[in-house]
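Notes for the one structure printed next.
Just so it is clear, none of the values below were taken in a lab; they were calculated from the coordinates. Just so it is clear, the structure is predicted and the values come from calculations on it, not from any experiment. Cβ placement follows ideal geometry from the backbone for every residue including glycine, while neighbour counts extend to all protein chains displayed.
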Amino acid sequence: MRCLFAGLFNLCLVLTALAQTAITTPELISPLGVKHYAQADEKGEVAAAEKKLAADPKNIETLIALGRAQASVWRYHAAIETYTRGLAMNSKHAMLYRHRGHRYLSTRQFDKAVSDMEKAAQLKTDDFDIWYHLGLAHYLKGNFSKAAAAYEKCYAVAEKSSAEKPGNDDSIIAISDWLYMTYRRLNKKADADRILARITPEMKVKENKSYHDGLLFYQGKKQESDLVNLEKATDLEIATLGYGLGNWHLYNGNRAKAEEYFRRIVSGRYWPAFGFIAAETELVRRGKK
């Protein structure tokens, strides 16, 4: 009996050590040299998804669900491995490339993200998320012309969806924000203004209020001070709105103000946010470590 208790005690020590390793080992060391960490799986969603997949290991949708669960707690490298397992079973599955490409973005592997999203786009030409993330991958690499081309296709998909299912403008709003910023980086102000012309205060927004507020700011219908309270806003809100504001200052010639926003964003904790990653790349591109 004493040996049994000793064995159980040692097992608990091992499990505790593994749990601590999962928390204390960085998920990512950013291009700025900052260590970023995954979150604890407090709800047990990863374990539950692993159990379901173990019962049906050939089911691609169940495998994708595991990757999503891993990503929900910022275990992006594990999610990448999961999607790679899926692609070994089906190399023509567009959504596996789309999900893995997204997680390559999260882990700052932009070339791999571009490669996966391009493969996904070849396999499925009418998916909003594929074009959206392909555009973002090009944008983060500084390839603004390629980003614009992908975003334009994404915008066309969003317009079609909006016409078929009116009542939700979130997709149009999200792509409009990134396409507007991309056109401004390309000095295509007329095209940027054309995108803004579609935006109104009355649009139906469920998820993308930060993007909508930013677009209204670009139109001059909101003031900078209306958008984000740096003392009260969440890290995600600061990343999303702060990047838009910083970027706006950047292409309007106020580099110091832009950098102030970018530094504020990367001092936060929501490191997987697109605005965070974009602010990070701006600082790296300018050697501002």
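Numerical summary
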quantity	calculated
For the chain, the longest site-free run once GluC sites (Glu not before Pro) in DSSP loop states with at most 12 other Cβ atoms within 10 Å are removed	43-201
Over the chain: helical MRE at 222 nm, DSSP H runs n ≥ 4 each giving -39500 (n - 2.57), nearest 500	-22500 deg cm²/dmol
Dipole magnitude of the range 160-289, debye to nearest 20 (Cβ charges: Lys/Arg +1, Asp/Glu -1, about Cα centre)	440
Fluctuation leader among Ile238, Ile130, Ile64 - the chain, Gaussian network, Cα springs under 10 angstrom	Ile64
Largest to smallest principal axis extent of the C-alpha atoms in the range 44-118, angstrom	34, 26, 13
Summed residue charge, Cβ within 13 Å of Ala40's Cβ, Lys/Arg positive, Asp/Glu negative	-2
Angle between the chain longest axis and helix 128-140 axis [Cα atoms, degrees, rounded to 10]	80
Pair Lys124, Lys206: separation of 7 Å Cα→Cβ label points (nm)	1.8
C-alpha center-to-center spacing [the range 103-128, the range 148-190] in angstrom	18
The range 104-150: C-alpha gyration tensor shape, a/c 1.5 cut-off, then a/b vs b/c	oblate
Stretch gain in nm, segment Glu45-Arg194, where the contour uses 0.36 nm per residue and the Cα spacing is subtracted	49.3 nm
